[in-house]
Each structure stands twice: as structure tokens, then as C-alpha cells.
Amino acid sequence: MENIVSSAKTDMFRIQINPVLRKQLEDVYGKNGLTLTDAVNVFFSSL
């Protein structure tokens, strides 16, 4: 499977998220070396 996270960024997807939840998610994924954007890309590529 192609590594989507490191592929060229060609489109933008915007969402609104609770700031407290966003901080919690950034902390969790950051401990694993991912940004929130990386985590969303991984999630979408697993479909």
C-alpha cells in the first residue's frame, strides 16, 4: 500500500473541533511522533 502520509499534499480538508479535544488528540498522537494532520491522513488511508 502506498504511504499516504508522506505523499504530496494536493488538497485541503477543514473541520471544526472542540479546542480541548484537539489538544488531547495532539498530545496523544504527538507522543507517537504524529501531528493531528498525519493522524487524520492515516485514518483516511485505512478505508
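Before moving on, here are some points about what is shown:
- Top-ranked residue in the stretch 1-42 [being of a type in the set (S, T, Y) and assigned to a helix (DSSP H, G or I); ranked as modelled with the highest pLDDT]: Y29
- Selection count, the stretch 18-47, where residues are among the hydrophobic types (A, V, I, L, M, F, W, C) and in contact with a Leu (Cβ under 8 Å, 6 or more places away or on another chain): 4
The values are calculated or read from the model by the stated rules, or taken from the named source; none is laboratory data. Note that the structure is predicted; figures quoted are calculated from it, not measured. Note: ideal-geometry Cβ built from the backbone for every residue, glycine included; neighbour counts use all protein chains shown.
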